[in-house]
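Comments concern the structure below.
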Amino acid sequence: MFDVGTFRAKTCDRAGRRAFLRVGAALPWMLGGLAVDEVVRAAAATRAKSIIFVWLWGAPSHIDTFDPKPDAPMEYRGPFTPISTRTPGLMVSELLPRLAARSHKYTVVRSNVTSEPGHPDAGTVGLTGFKEKPEPVRPNFGSIISKFRGHRGSLPPFVSVGRGIPRDVVRKVDGYGGGTLGKTFDPFMVSCSDLGEVEIPALQLLDGLTPNRVSDRRALLSLVDEVPRQLEALGIDEWDRTFQRAYGLLTTPAARAAFDLTAEPQKMRDGYGQTTFGQSCLLARRLVEAGVPYIQVNWSEYVESITPNCDFGWDTHIYNFELLQDTHCPIFDRAYSALLDDLDSRGLLKHTLVVAMGEFGRTPRINGRAARDHWPRCYFSLWSGAGIEPGRVIGASDKYAEDPITEGITPLMVGTTISELAGMDAQARAELRVLDGGSVIHELV
């Protein structure tokens, strides 16, 4: 099988050269965007020129990270000691010392809630604000911003960094892309290794075609004859649309440079950590510098781990405390702190919204396997930049971190707040028929 973005085809004969000569045509990202004057009018109200949405796939334990309960019984509070931060009254886990020292750069929301208990369904709600049913699924927050902003320049308006579409052992998350807005607004998929090697899934068919190795059309044409002919008969139009995006990016020097992490000093790369997540966060910062409106950084489904039997991301039904201590929290603490520092030092945080969250929390009461299961009733999110007042705590949970004792913050409210900070007011959302019924998190905005 060949894996070409979202298109799959069986191995067959070669593809015609003509199909590939079409890839130099104009890219389709302009389709469906709002009129220029509408975007310009919204710019005055835009606080977030770019959004980095850090998707902590698998759902981290809130009680072991940003909502510790030191006075709860041991079967709830777990083995980790809360530590003080720069924010008066805010305590976080001892596993997050760097972020504790940087609490003046973010605000914690401790009252997130969701309606769904499983990864794919809660993932869709977390990324779109709506349930999977009725179909068709609603658009990802990034797709909404992509539609609203339209395409400018050579880079796509919505980039998803990670190992493909988030999924678990059962099925993928439906809300990863354009949904009701159409596939034109699906994210541009890239992946980043722990060594900072960037790969584009849409180009996997052409071995050796990467951002670091392609500089002109001749490099592509030298590989054309290696591609199966019968792709034309099996749906070349859908594949061609995806390929045009990737090829157009690679043949534009300025766009290609945004994906070249080797241009970063080694000290900077080390600062983020030589992990998939760390280098992905560094790539997100480069994409912000290049003017990409929305970047979703996905915690790798299989995070680097020295612990055997690691399952999916933050989905710690077993070895919760071992994984958090040995890998997950140290990786997140280092990379996320570096991202905030880097954006801040470059003057980018002022106009960049950074949000981190998972699809739900984990059971406050420790399970029979000395770990934690799914908990949709209460979890956390982190908010930075774009004029959000940092160093605060919004919302609160009860003494066991089981339920909010303040207003519950839903994923729809998260998406509506993101859109508001990106310059979309209620009228603009109504015109695009997105995020209907959503309200802004007023304590943030």
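Inspect all residues belonging to segment 345-355 and state whether any of them is among the hydrophobic types (A, V, I, L, M, F, W, C), modelled with pLDDT of 95 or more, part of a loop (DSSP other than H, G, I, E, B) and farther than 20 Å from His119 by Cα. Yes: one or more hits. Is one or more of the residues making up segment 96-105 over 15 Å from Phe332 (Cα atoms), assigned to a loop (DSSP other than H, G, I, E, B) and at pLDDT 95 or above? No, because not a single residue in segment 96-105 is over 15 Å from Phe332 (Cα atoms), assigned to a loop (DSSP other than H, G, I, E, B) and at pLDDT 95 or above. One residue stands out among those in segment 163-177 that are surrounded by fewer than 24 Cβ atoms within 10 Å (Cβ to Cβ) and not acidic (Asp, Glu): the one that is modelled with the highest pLDDT, which is Lys172.
I want to confirm something. Restricting to segment 73-90 and keeping residues that are in contact with a strand residue (DSSP E or B) (Cβ under 7 Å, 6 or more places away or on another chain) and closer than 21 Å to Glu322 by Cα, which single residue is surrounded by the fewest Cβ atoms within 10 Å (Cβ to Cβ)? Once the filter is applied, the top-ranked residue is Ile83. When Asn212 is tested against (1) at pLDDT below 60; (2) crowded, with 19+ Cβ neighbours inside 10 Å; (3) not basic (Lys, Arg), just one condition goes unmet, and that condition is (2). Every listed requirement among (1) modelled with pLDDT of 95 or more; (2) at positive phi is met by Arg285 save one, (2). Whether any residue in segment 105-114 is in contact with a Pro (Cβ under 7 Å, 6 or more places away or on another chain), under 30 Å from Pro68 (Cα atoms), of a type in the set (A, V, I, L, M) and surrounded by 19 or more Cβ atoms within 10 Å (Cβ to Cβ) is what I want to check. Yes, some residue in segment 105-114 is in contact with a Pro (Cβ under 7 Å, 6 or more places away or on another chain), under 30 Å from Pro68 (Cα atoms), of a type in the set (A, V, I, L, M) and surrounded by 19 or more Cβ atoms within 10 Å (Cβ to Cβ).
Taken together, the residues in segment 73-92 that are touching a residue at least 40 places away in the same chain (Cβ under 8 Å) and within 20 Å of Val109 (Cβ to Cβ) amount to 4. Selection of segment 403-431 for residues being surrounded by fewer than 22 Cβ atoms within 10 Å (Cβ to Cβ) and either of a type in the set (Val, Ile, Thr) or touching a Pro at 6+ places or on another chain (Cβ under 9 Å) (or both) yields Ile405, Thr406, Thr410.
For segment 376-396, the criterion of being surrounded by fewer than 17 Cβ atoms within 10 Å (Cβ to Cβ) and out of contact with any Leu (no Cβ under 9 Å at 6 or more places or on another chain) is met by at least one residue.
The values are calculated or read from the model by the stated rules, or taken from the named source; none is laboratory data. These numbers were taken from a predicted model, which means no experiment stands behind them. FYI the Cβ positions are ideal-geometry reconstructions off the backbone, even for glycines, and counts take in every protein chain you see.
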